[in-house]
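Worksheet: the structure to be examined is printed underneath.
The values are calculated or read from the model by the stated rules, or taken from the named source; none is laboratory data. Note that the coordinates shown come from a computational prediction; the quantities given were computed from them, not determined experimentally. No Cβ is skipped: glycine too gets one built from the backbone with ideal geometry, and neighbour counts run over all protein chains shown.
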Amino acid sequence: MTTTATEGVTAPPATTAPARIELRQVSRWYGNVVAVNDVTMTIGPGVTGLLGPNGAGKSTLLHMMAGFLAPSNGSVTLDDRPIWRNHDVYRSIGLVPEREAVYGFLTGWQFVLSSAKLHRLPDAAEAARRALTTVEMLDAAERRIETYSKGMRQRVKVAAAMVHDPRVLLLDEPFNGMDPRQRLHLMDLVRQMGAAGKTILFSSHILEEVERVAQQIEVLVAGRHAASGDFREIRRRMTDRPHLFTIRSSDDRALAAALIADPSSGAVSLTENGLQAQAVDFARFTRLLPRVAKSAGIHVWQVAPADEDLESVFSYLITRSAT
Amino acid sequence: MSTVAGISYRMVIGRRRIWLMVLLPAGLIALAVLLRMLGSADERSALMLMQIFGVGTMLPLLGLIAGTGVIAPEIDDGTIVHLLSKPISRPAIAITKFGVAASLLALFGALPAFAAAYLLVGMEAGIAFGFAVGAFAGGLAYAALFLLLGVITKHAVAIGIAYALIWESVVGVFVPGARNFSIQQWAQSVAFQFNTSGFFTKPSVGIGFALIAIAVVTVGAVLWAGQRLRSFTLAGEE
């Protein structure tokens, strides 16, 4: 386990040295279907969110980073060592899979302890106790896992994955199905571990979730690496795009004429369902609409975003990144 | 490795399948008791019970339950990831799981075979001892083969039943050549070596072939299972 010390910084002990997962031109296809398409990214210390709609290839990418899928092309490495077919990487990696993947017949304690033993930790019991304490599951640890709620199972899985204090933690949709309080707690935990210098990657299809936890966001759309940056950058790119609105008013035609006169609106069209307007400058358009309607004496009954689903937001990002 | 073994034992024993594993040998012993009560506790009936029910039916079914049971449910529900995401060599995991399945077959297969035959004829004519050893040797091959099936296919149980019931029992009866590729016949051949009874017709598979075949299938299947585990892949499932 060798790491290169950055200039001016003394190398920390091997177990706490920052870990780096590198993907170089990684593709993965199943027959004719391309699940991941030529992705190059580096996951370093801190919390990284892997954001994308369902079916974007997030799990496929995460499975390749976790050593449970071979890339069809390109390379996936942890500190320059290949991850696929290399069980030694699990000394440094903890994995929280999306599927339940827990033995219902074991108690929480037995499950986490088995993880510690499989890692051959010198004091397995102490490590298990510490991990269960961290996820606040020590009180319920003597119960069988099959009696747990979804959130408790999730926390036990996290405890089992971090029992050996890994430098890398990979979590596949970790906040799915948790109640709000459990979600906040796990988010705090992830943030803390990221702040402690661990390399943490989690996948999610919810922007708000990623924003709250991750410093770095990687956006995946249709298997392609669509955007990369901190949440401000991603947020800006997501709001800074043409928005489509459906508007119903007392006089659609007059409103259309008034809107098109301003440069903040792009295309305006009259449809059976009312007026459709595309806002090029989102902020300006939202101020413009009420003002224009008021001065023309038009009553606006309804303004509805026509394309607010995440899919279209993401597909905008990818068309942008392609140009 | 004791952790892997412990979880594997609990997986087989802690589920409903344990009742099948208990019922089969219980049935064998019950039949032996019945024959004894009916006064036909002789070499001929002991041999028939062992050949048809013991090695012919119970052993392959136990092999199927134990061999697939130590790994297939884990692969099905994804819990195997818990074992595989650890710094442990995957072939070592396969070997451990084979050991668990083989030990269960010794306990629920070979031991009851001995007990049932002993009830009928005692240590006479080497029948009890022969079938215990034969069942143990056959159990090794079944455990390894069905473990491998559990690793490489989702339809391990269906394929295993087809192999045991159609290939070994039906095809094997009508097509003598098929017996060479039948674990059941290898087990019979091993059992025959200890036999001194005149009622035991010489099996069609020679002992040399049987021993080599058992060794090749057992070692080959476990190694292959280990290699397949090294490339264990999670579906994208999105």
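Scanning segment B:217-238 for residues that are assigned to a helix (DSSP H, G or I), more than 18 Å from B:GLU168 (Cα to Cα) and not aromatic (Phe, Trp, Tyr) gives B:VAL219, B:GLY220, B:ALA221, B:VAL222, B:LEU223, B:ALA225, B:GLY226, B:GLN227, B:ARG228, B:LEU229, B:ARG230.
When segment A:233-256 is examined, which residues are found to be surrounded by fewer than 16 Cβ atoms within 10 Å (Cβ to Cβ) and at pLDDT below 90? A:GLU233, A:ARG235, A:ARG236, A:THR239, A:ASP240, A:PRO242, listed by residue number. Note on segment A:103-121: among residues that are within 15 Å of B:LYS86 (Cα to Cα) and not small (Gly, Ala, Ser), the one that is surrounded by the fewest Cβ atoms within 10 Å (Cβ to Cβ) is A:ARG120. Restricted to segment B:14-60, and to residues there that are within 30 Å of A:HIS119 (Cβ to Cβ) and free of Cβ contacts under 8 Å to residues at least 24 places away in the same chain, the residue that is nearest to the other protein chains (Cβ to nearest Cβ) is B:GLY14.
Within segment A:77-102, being in contact (Cβ under 8 Å) with a residue 60 or more places away in the chain and surrounded by fewer than 18 Cβ atoms within 10 Å (Cβ to Cβ) holds for one residue alone: A:ARG91. Here no helices (runs of 4 or more DSSP H) wholly within segment B:109-211 include at least 3 residues being of a type in the set (Asp, Glu) and in contact with a Cys (Cβ under 6 Å, 6 or more places away or on another chain). Residues that are farther than 18 Å from B:PRO91 by Cβ and within 14 Å of chain A (Cβ to nearest Cβ) were ranked within segment B:189-238; the one that is surrounded by the most Cβ atoms within 10 Å (Cβ to Cβ) is B:LEU234. Do we find that B:LEU104 is modelled with pLDDT of 95 or more and within 11 Å of the chain's Cα centre (by Cα) in this structure? Yes; evaluated as a whole, the condition is true for this residue.
Any chance segment A:116-135 includes a residue that's farther than 18 Å from A:LYS198 by Cα, within 10 Å of another protein chain (Cβ to nearest Cβ) and in a loop (DSSP other than H, G, I, E, B)? Looking through segment A:116-135, at least one residue is farther than 18 Å from A:LYS198 by Cα, within 10 Å of another protein chain (Cβ to nearest Cβ) and in a loop (DSSP other than H, G, I, E, B). Reported count of residues in segment A:87-115, each being among the β-branched types (Val, Ile, Thr), within 11 Å of another protein chain (Cβ to nearest Cβ) and out of contact with any Pro (no Cβ under 7 Å at 6 or more places or on another chain), is 3. Taken over segment A:63-73, the residue count meeting the criterion of being of a type outside the set (A, V, I, L, M), within 7 Å of chain B (Cβ to nearest Cβ) and not in a helix (DSSP H, G or I) is 1.
Apart from one condition, A:ALA222 fits all of (1) more than 30 Å from A:ASN73 (Cβ to Cβ); (2) assigned by TED's automatic domain parsing to the domain that holds A:GLY52; (3) surrounded by fewer than 23 Cβ atoms within 10 Å (Cβ to Cβ); the exception is (1). Which of the residues spanning segment A:80-113 are assigned to a strand (DSSP E or B) and within 17 Å of A:MET65 (Cβ to Cβ)? Correct list: A:ARG81, A:PRO82, A:ILE93, A:GLY94, A:LEU95, A:VAL96. It is to be established whether one or more residues within segment A:146-165 are more than 11 Å from every other protein chain (Cβ to nearest Cβ), touching a Ser or Thr at 6+ places or on another chain (Cβ under 6 Å) and surrounded by fewer than 17 Cβ atoms within 10 Å (Cβ to Cβ). Within segment A:146-165, not a single residue is more than 11 Å from every other protein chain (Cβ to nearest Cβ), touching a Ser or Thr at 6+ places or on another chain (Cβ under 6 Å) and surrounded by fewer than 17 Cβ atoms within 10 Å (Cβ to Cβ). Of the residues making up segment B:107-125, just one is among the aromatic types (Phe, Trp, Tyr), over 17 Å from B:LEU20 (Cβ atoms) and touching a residue at least 12 places away in the same chain (Cβ under 8 Å), namely B:PHE114. Kindly check whether there is at least one residue in segment A:74-86 that is under 25 Å from A:ASN176 (Cβ atoms) and either modelled with pLDDT under 95 or at the interface with chain B (Cβ under 7 Å from one of its Cβ atoms) (or both). No, every residue in segment A:74-86 fails to be under 25 Å from A:ASN176 (Cβ atoms) and either modelled with pLDDT under 95 or at the interface with chain B (Cβ under 7 Å from one of its Cβ atoms) (or both). Within segment B:30-44, being closer than 18 Å to B:MET123 by Cα, loosely packed, with under 15 Cβ neighbours inside 10 Å and aliphatic (A, V, I, L, M) holds for one residue alone: B:VAL33. In the condition set (1) of a type outside the set (D, E, K, R); (2) surrounded by fewer than 24 Cβ atoms within 10 Å (Cβ to Cβ); (3) without any contact (Cβ under 8 Å) to a residue 40 or more places away in the chain, B:LEU84 is compliant with all but (3). Under the condition of being touching a Phe, Trp or Tyr at 6+ places or on another chain (Cβ under 6 Å) and free of Cβ contacts under 8 Å to residues at least 24 places away in the same chain, the residues counted in segment A:266-294 number 0.
Take the residues in segment B:109-120 that are crowded, with 23+ Cβ neighbours inside 10 Å and small (Gly, Ala, Ser); name whichever of them is nearest to the other protein chains (Cβ to nearest Cβ). Result: B:GLY109. Per the listing B:LEU59, B:LEU83, B:LEU23, the residue uniquely under 24 Å from B:VAL173 (Cα atoms) and of a type in the set (A, V, I, L, M, F, W, C) is B:LEU59. Return the residue satisfying two criteria in turn: it lies in segment B:69-108 and is part of a helix (DSSP H, G or I) and among the polar types (S, T, N, Q), and of such residues it is nearest to the other protein chains (Cβ to nearest Cβ). For segment B:69-108, the residue satisfying everything is B:THR96.
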